[in-house]
Every structure is written in structure tokens, then in C-alpha cells.
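The block underneath contains the structure these notes are about, expressed in C-alpha cells.
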Amino acid sequence: MTGMRQPAPGTSRAARVSAAVWLVAVGLLAAVLSGCGAEAEADGRALFATNCAVCHGAAGEGTEQGPSLLDARYLPDQLSDAEMAAGIRNGVPEREFEFGPMPGFPRFEDDDLDAVVEVVRELQREAGLLEP
Ligand code: HEC
């Protein structure tokens, strides 16, 4: 009698386990899918916010620690993408300003450098300094 009233424990447990497995599988799939596409840009923004904004400002407008990246001397006709990437990787001596030198980012991969240079160009574009 008591045995009849109890739900079959094996079944409901199996159902719960398989539901949990599905949730994990769907979660993993969602994580993988959201990782695809537009990754370079997202990473560039995050890299810039973490590593550059402290000196150059969130929008590249400059701070007391570093110059504005919206300065005319950093537009593409004065500083190419390759030159900019080299400066970021190797650092920049105190040269144009009196903030002191800029530290290099030797651990940035080529993709990171490309992404962060692209962010600087986007900031210059958003400031109306480059053709859209
Ligand atoms: C500790 C402060 C500091 C940090 C952090 C920093 N910079 Fe700089 N950056 C400077 C200073 C100072 C200069 C100007 C040096 C000079 O010419 O006198 C500079 C110059 C530059 C230039 C001009 C390069 C050139 O060749 O003249 C670019 C582009 C630049 N920074 C981008 C970045 C990016 C992108 C990051 C993050 C990956 C970054 N900076 C992180 C301080 C900083």
C-alpha cells in the first residue's frame, strides 16, 4: 500500500537528471554561439577599457596621465595602423608630450593589437575626425 503511493523514485530522478543534462547542454551551446562573430570588436573594446582608458580616457579623449588619441597627430595620415600597433606593443618614449613614456603591451597577440587599433580608429571616427 505505501509502496503504491510513492512515486517511482527511479523515474522521477531520471527525469530530473536528464532535464539537468539538457539545461547544461543548451547553456554550453548558447555560450559557444555567443562567442562566435563580432569577437574582435568586443575584445578590442574590453582591452581598451582595461588597459588604455586609464591614461587615454574611455573615449580616447585623454587624461592627466596620457594624451588624447583624438589628436591630429594620431590620425591615419600621420600615424599608420602598423606604426600604432608597434607603439602599443613596444611602448612609446616620452616624445610628443610630457606625460612620461607609455608602457608597452608585449603580451598582446597580433589579434589583440589589431582589435585595439581598430577601437582607436572607431573612437576617432565617432569623434567625427575620420570619414564614416
Ligand atoms: C600609463 C599610461 C598609458 C597607458 C596605460 C597607455 N598609454 Fe598610450 N600613451 C601614453 C603616453 C604618455 C603617450 C604619449 C607619449 C609621447 O609621445 O610623449 C601615449 C601614446 C599613445 C599613442 C601614440 C603612439 C605614437 O607612436 O606616438 C597611441 C596610439 C596610444 N598611446 C595608444 C594606447 C593604447 C591603445 C593603449 C592600451 C593598449 C595605451 N595607449 C595605453 C600613455 C599611456
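The values are calculated or read from the model by the stated rules, or taken from the named source; none is laboratory data. Model, not experiment: these values are computed from the prediction. Positions of Cβ are backbone-derived with ideal geometry, glycine not excepted, and every protein chain shown enters the neighbour counts.
In the set (1) in contact with a helix residue (DSSP H, G or I) (Cβ under 9 Å, 6 or more places away or on another chain); (2) within 17 Å of residue 58 (Cβ to Cβ); (3) not polar (S, T, N, Q), the condition left unmet by residue 126 is number (1). Can residue 91 be described as in contact with a His (Cβ under 7 Å, 6 or more places away or on another chain), at pLDDT 95 or above, in the same structural domain as residue 122 (by TED's automatic domain parsing) and more than 8 Å from the ligand (Cβ to nearest atom)? Taking the combined requirement at face value, the residue does not satisfy it. From the list 62, 66, the one residue that fits, being within 10 Å of the ligand (Cβ to nearest atom) and touching a residue at least 12 places away in the same chain (Cβ under 8 Å), is 66. Note on the range 99-121: residues that are touching a Leu at 6+ places or on another chain (Cβ under 9 Å) and near the ligand (Cβ under 6 Å from one of its atoms) total 3. Residues of the range 88-116 that are without any contact (Cβ under 8 Å) to a residue 24 or more places away in the chain and in contact with a strand residue (DSSP E or B) (Cβ under 7 Å, 6 or more places away or on another chain): 91, 92, 101. The single condition among (1) assigned to a loop (DSSP other than H, G, I, E, B); (2) surrounded by 14 or more Cβ atoms within 10 Å (Cβ to Cβ); (3) near the ligand (Cβ under 6 Å from one of its atoms) that residue 96 does not meet is (2).
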